[in-house]
Amino acid sequence: MTSEAVSDTGPVRHLWEIGQQRLLTLFSRVYLPDAVKTELQQQGIWEQLDPLPEVLFQVESVSEEDIRSLLSTLAVPIQPTDASVAVLAKSVNPEVTLTDDLQLRKVLEGLELPVVGSVGLLIRGFKTGIFAKNELLTLIDRLFDGSTLYLSPVFKSHVKRLIEELSTQ
């Protein structure tokens, strides 16, 4: 696949927590602001992603000035690391920006940038034939119940209903 993505820490961490970081290879390149790489290193995840970092991730510096400039224009408060994701996404203009953060999602949508979260990446995995529907349902359970991602039980039920409606492969 030749598409590119920009990611914040969340989807990388959540996919790693359920052993599905390979889904990031749905993209030919995943851009990360240096602040996201730092967070992944501090959480002890970066080193465990091998060999993905060398072949997939491109870490970019985002200037403090650009981060401050974006933050000063937003009605929705976000963290500086999240702002660096938005600045990088605006610069790279990828197919999607990966985030599970609701506030960052609102900012990205306001910038008219497409957004996909961990649930969406799992569904892409199914649609591209990486795993079958029963595996997808198991991974959704693992994502909701076995990762640090918080999503409501109501949303989980909604997602599972949508998955049941997907055609089998």
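Residue-by-condition table, conditions (1) in contact (Cβ under 8 Å) with a residue 12 or more places away in the chain; (2) touching a helix residue (DSSP H, G or I) at 6+ places or on another chain (Cβ under 9 Å):
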| site | (1), (2) |
| --- | --- |
| Arg124 | yes, yes |
| Ile130 | yes, yes |
| Lys133 | yes, yes |
| Thr138 | no, no |
| Leu149 | yes, yes |
| Phe155 | no, yes |
| Val159 | yes, yes |
| Ile163 | yes, yes |
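Assess whether Leu24 counts as being part of a helix (DSSP H, G or I) and within 15 Å of Asp100 (Cα to Cα). The answer is yes for Leu24. Within this structure, Val85 passes the test of being in contact with an Asp or Glu (Cβ under 8 Å, 6 or more places away or on another chain) and buried (at least 21 other Cβ atoms within 10 Å of the Cβ).
Would you check if there is a residue in the stretch 160-169 being more than 19 Å from the chain's Cα centre (by Cα) and either closer than 21 Å to Phe27 by Cβ or at pLDDT 95 or above (or both)?
We begin by selecting, within the stretch 160-169, every residue more than 19 Å from the chain's Cα centre (by Cα); these are 160-169.
Next, only the ones that are either closer than 21 Å to Phe27 by Cβ or at pLDDT 95 or above (or both) stay: 169.
Looking through the stretch 160-169, at least one residue is more than 19 Å from the chain's Cα centre (by Cα) and either closer than 21 Å to Phe27 by Cβ or at pLDDT 95 or above (or both).
Checked against the criterion of being under 21 Å from Ser118 (Cβ atoms), outside any helix (DSSP H, G or I) and not polar (S, T, N, Q), the candidates Pro94, Pro53, Pro77 yield just one match: Pro94. Picking from residues in the stretch 88-104 that are out of contact with any Phe, Trp or Tyr (no Cβ under 7 Å at 6 or more places or on another chain) and surrounded by fewer than 20 Cβ atoms within 10 Å (Cβ to Cβ), the one that is nearest to Arg161 (Cα to Cα) is Leu102. When Glu39, Glu47 are screened for being free of Cβ contacts under 8 Å to residues at least 24 places away in the same chain and either in contact with a helix residue (DSSP H, G or I) (Cβ under 9 Å, 6 or more places away or on another chain) or part of a loop (DSSP other than H, G, I, E, B) (or both), only Glu47 passes.
The values are calculated or read from the model by the stated rules, or taken from the named source; none is laboratory data. Computed from a prediction, not measured in an experiment: that's the story for all the values here. As a convention, Cβ positions derive from the backbone with ideal geometry for all residues, glycine included, and neighbour counts pool all protein chains shown.
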